[in-house]
Structure formats: structure tokens, C-alpha cells
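The values are calculated or read from the model by the stated rules, or taken from the named source; none is laboratory data. The structure presented is a predicted model; accordingly, all values stated were derived computationally and were not measured. Cβ sites come from the backbone with ideal geometry, for glycine too, and all protein chains shown count toward neighbours. Ligands, DNA and RNA are excluded from the accessible area calculation, which covers all protein heavy atoms including side chains. Shrake-Rupley method; radii C 1.70, N 1.55, O 1.52, S 1.80 Å.
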Amino acid sequence: MNAPPKSFHVKSFGCQMNVYDGERMAELLGAEGMVAAADAGAADLVVLNTCHIREKAAEKVYSDIGRLRRDDGSTPMIAVAGCVAQAEGAEITRRAKSVDIVVGPQAYHRLPEMVAEAAAGRRALDTDMPALSKFDALPRRRKQGPSAFLTVQEGCDKFCTYCVVPYTRGAEVSRPWDAVIDEAKALADAGAREITLLGQNVNAWTDERGRGLHDLIEAIAAMPTIARIRYTTSHPNDMADGLIAAHRDVEKLMPFLHLPVQSGSDRVLKAMNRSHDVASYLKLIDRVRAARPDIAISGDYIVGFPGETDADFEATLDAIRAVGHAQAFSFKYSPRPGTPAATMGDQVPEAVMDERLQRLQALVREQAIAFNAATIGRTTDVLVERKGKLPGQMLGKSPWLQSVLIDSAAKVGDMVEVEIVSGGPNSVQAVERVRAAA
Ligand code: SAH
Ligand code: SF4
Ligand code: F3S
């Protein structure tokens, strides 16, 4: 039995939506009078907000639980939240006896009740999926940095054959227009200058009046203190004309698009159930670039999907060359329990995957260096997000989502005009432009 916790620590893994969810859980616990502890070691309650996307991510939770044991043998109250909680449910408490609470991504608004239950000595488990009810139960945000996440859509109906997300996050659901606009206003009032709209397929957002993501973007762009809007992650099939046009017409919509294609081989895409081919993806990129020529394109790639041949992999490298990425994420295929691909024949050996991943990442790195080099000499705005490692150094983001290092007296949340002077694969350096006095 645990005493009712007075302090908490939330640790989030995985995607930005988990970061958003983790912030919401922290607010819920804060609203109950608990205080945020500096780290897990100092907290009465530790929430592990987990990710199930690849095996490594999912297994990590068990070693993390083990590490929470303290020198005197005691453990804090432990809650496992997020996608592993949803996927494994009660299996978690069977494998890890020190876990007190298992709460899925659609049930975390019940966390305070569950903490009370655990304090009374009962294990608490909730992996129900009542779409959207959690959003209504969340307290209003009080504290907010310059760059904020806002979940507008959750879940996925695409069922790519490798992916657990449709099972852990449930069916595609869009939050209502008013709820999103109200939260955006609250974020603006709390000091946000940039809002990133989140969804597993964020560009599938829609409402009963048939409005799309671009309508939401336009409405948020009309809020005077919001300077920048971003959105992630998108699916190629949901890239509506209106959204592409918004990249041309809405100045506050940043020139950055994360649009995963996963593979450059049509055969593999078919086996992945991606329901688009390589040519249609490349055409889409052309249309986006026609609307916004300087747009930075990001993506996700999986190497070693079952049955992927050398020729399939070469086709992926060709596709990457054809796109020209500013950045991209890439992963070795990881078989996930319950997904169709996990039981497909021709699983690719680990050593082959390693080699392919290395080659792909080398190519993406070259492209990132080239992208950053091409921005040298540009004058642009940087939203300052935090202090850099060196004295006097600040770190912010360019419109193209580059990490920008500047020597500046600017404060977090300032928008400063800079000239980019040099760049590497992961960041660029810039000098602040001193505006001539009037
Ligand atoms: N909804 C988003 C995010 C999905 S998860 C999308 O469709 O893009 C993020 C990325 O993880 C995916 O794009 C994919 O590249 C990768 N991924 C998903 N399942 C995987 C698996 N089983 N093995 C390896 N990578 C995977
Ligand atoms: Fe997973 Fe595919 Fe849905 Fe993305 S679109 S979340 S990769 S099933
Ligand atoms: Fe991971 Fe769940 Fe996000 S599996 S990537 S935390 S949706």
C-alpha cells in the first residue's frame, strides 16, 4: 500500500502526441494539488508514458520500471500510461509487480481517481477507448512556453501492415472545431507564439460541416499573437488541395512538411498496405513545391520490411534522391505482435537491415547538409526557444524547422531577425541582424 502521493514525475517516450498527453497528465495531477518533482528519484508517483511503435521502445518500459527501485528497496507509486499500456494491459502488472496503475491513452483523464485507488491498495487498470471524452475532462492550461502542441485528431484507420498505432490509439477521431479553437486561444493567452497541430493523421481532420485542416489553420492564423503554425503527422492520401493551397496563401503556415512515404518500392508499399504508390507521392511533393517552392520536406522510411530485396531498397534510395529531404527519420523494421507483417515470410536478416539503414542515413545526412548549406546567406526569423550550451548563446527554430544557434541577448519567446551564416547536418549558426534605429 502507498501513501497518497504528494509529488509526481511524468516521463514521456515516443511521438509528439505523447509529449502533449504527458503535459496534460501533469496538469491533471497539478490540479489535484500534487507538485512536480525534479526527477523520478524524488517523486512519490512516477508516470511512464510509453511508446509501442518498435520493440526496443516497448521493452524499454520494463528496464525503466526496474530502475525506479530505490536503494532501500522501496518503489514510488508507478503508473504505466501510453501505447504500451493500451497494447499490453494487465500483462504489465503480471510482468512487473511494482506497477500500481495501467492507463491507456484514451483514459488518462481518470488518472487522479486511479491514483486514489492505488493509494488505497488496489491496482488500477483502464484501457477503455471512449473517443474524445478525455479532452472535456482536462483542466485549462496555465503555463506555456513559446511553442505549443495541440492535439486536433487522434487515431488511425489506415492499418499499415507493420503498425500498432490503429490498435493503441483507436479509430480516427477529430476534435470538434470549437474545442480546438478554444484551446488555441487559451494557448495564445498563455504565451504561445507557435502552435503545432497534432494528429496521427492530422491532415485527415474534418468536422460535420466538411471543413478541413486548412480551415482550422486559417482560423488560428487570424489570432494576432500567434506567429507560426505547423502540423504533423500527415498521410499522403489525406493531402487535400485546400491544405496544399494553404502553404501558398497562409503566411503563418510554416514552410515545412513531414510526409512519410516509408518505401520507394511499389511492391513493398503494396505489402505495407500504404494505398499510394511512389509516383503519386512524388507528384504530390511537386504540387506542394509548386505552392511553396522553399518548403522543407521531411519523411519516415522503414528498411527491411519483410520481403524487401536489394532492388526494392535501391528504389527507396532513388525516391529519397528524387525528393531531396531537409531531414528524414528512418527505422529498421520491427515486427509488432498482432500486426499482419509480423507473420509474413521473408523477414530480412538484422545484418542486412543494419547495412541498409546505414546507407540510407548517410544519404539523408548528405541531403540535410545540402539543405542547410543552401540556406546560408538567408535573412529570416527565428523563434527563440531556450538557452544554448555556451554563455550568451540562444537556440531557436527557423521557419524550415532548422535548429538555429545565435549569440543574442534575446529572451525565450522572442522572434528575432537573423542571417544564417553556416550549417551542419543538424543545425545552423546565425547572427542577429541589428535593425537600424529610426
Ligand atoms: N501516423 C504517423 C506516425 C506513425 S509512427 C505516420 O503514418 O506517419 C512513426 C513512424 O514509425 C512511421 O512513419 C514508420 O516509419 C515507423 N514505424 C511504424 N511502425 C514501425 C515498425 N513496426 N517498425 C519500424 N518502424 C515503424
Ligand atoms: Fe501507422 Fe500507417 Fe496509421 Fe501511420 S498511417 S499511424 S504508419 S497505420
Ligand atoms: Fe509511440 Fe503511440 Fe506515438 S506507439 S509513436 S506513442 S502513437
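Which percent of the accessible area of region 134-374 is formed by carbon and sulfur heavy atoms (probe 1.4 angstrom)? For region 134-374, the apolar C and S fraction of the accessible surface comes to 53 percent.
Extension gain, Asp310-Met344: 0.36 nm per intervening residue step, less the Cα-Cα distance, totals 10.4 nm. Seen from every direction in turn and averaged, the convex hull around the alpha carbons of region 280-438 projects onto 12.8 nm². Debye sum, Cα scatterers, region 289-379, no solvent: what log₁₀ I/I(0) at q = 0.14, 0.15, 0.20, 0.21 1/Å? Evaluating at q = 0.14, 0.15, 0.20, 0.21 Å⁻¹ gives log10 I(q)/I(0) of -0.58, -0.64, -0.95, -1.01. Cross-link reach is defined here as a Cα-Cα straight distance under 16 Å, omitting same-chain residues fewer than 8 places apart; for Lys389 the aspartates and glutamates meeting it are Asp407.
Annotation: lysines with alpha-carbon distance below 18 angstrom to Lys387 (same-chain offsets under eight excluded): Lys397, Lys411. At the listed q of 0.14, 0.23, 0.27, 0.28 Å⁻¹, the Debye profile of region 379-432, built from one uniform point per Cα, gives log10 I(q)/I(0) equal to -0.26, -0.75, -1.06, -1.15. Taking a point 7 Å from the Cα of Arg321 along the Cα-to-Cβ direction, the residues of region 260-302 with backbone N closer than 18 Å to it are 263-266, 278-279, 282-283. Kirkwood analysis of region 134-374, using all unique Cα-Cα pairs, places the hydrodynamic radius at 19.1 Å. Alpha-carbon geometry of the chain: the Rg and the Dmax are 22.4, 71 Å, given in that order.
Want the number for Val431 to Arg67: 0.36 nm per residue separation, take away the alpha-carbon distance, what's left?
Extra length from Val431 to Arg67 when fully extended: 126.7 nm.
Take region 134-374 with all the other protein chains still there, run a 1.4 Å probe, and you get 41 Å² of accessible area per residue. Using every pair of distinct Cα positions in region 279-332, the Kirkwood expression returns a hydrodynamic radius of 12.2 angstrom.
So how far, in whole Å, is the C-alpha centre of region 1-50 from the one of region 182-243? Centre-to-centre (Cα) distance: 27 Å.
In region 38-100, the inverse of the mean reciprocal separation of distinct Cα atoms equals 11.9 Å; this is its Kirkwood hydrodynamic radius. The Rg/Rh ratio of region 156-198, with Rg taken over Cα atoms and Rh as the Kirkwood radius over Cα pairs, comes to 1.16. Expressed as a whole percent, the accessible area of region 7-130 that falls on carbon and sulfur atoms is 49 (1.4 Å probe). So what is the diffusion coefficient of region 240-325 in µm² per second by Stokes-Einstein at 37 °C and 0.692 mPa s, using a Kirkwood Rh over Cα pairs? D = 241 µm²/s. Per the Kirkwood formula applied to alpha carbons, region 7-130 shows a radius of gyration over Rh ratio, Rg over Rh, of 0.92. The calculated FRET efficiency for the pair Asp241 and Asp294, based on their C-beta separation and a Förster distance of 30 Å, comes to about 0.90. Arg54 contributes about 70 Å² of solvent-accessible surface, heavy atoms of the protein only, 1.4 Å probe.
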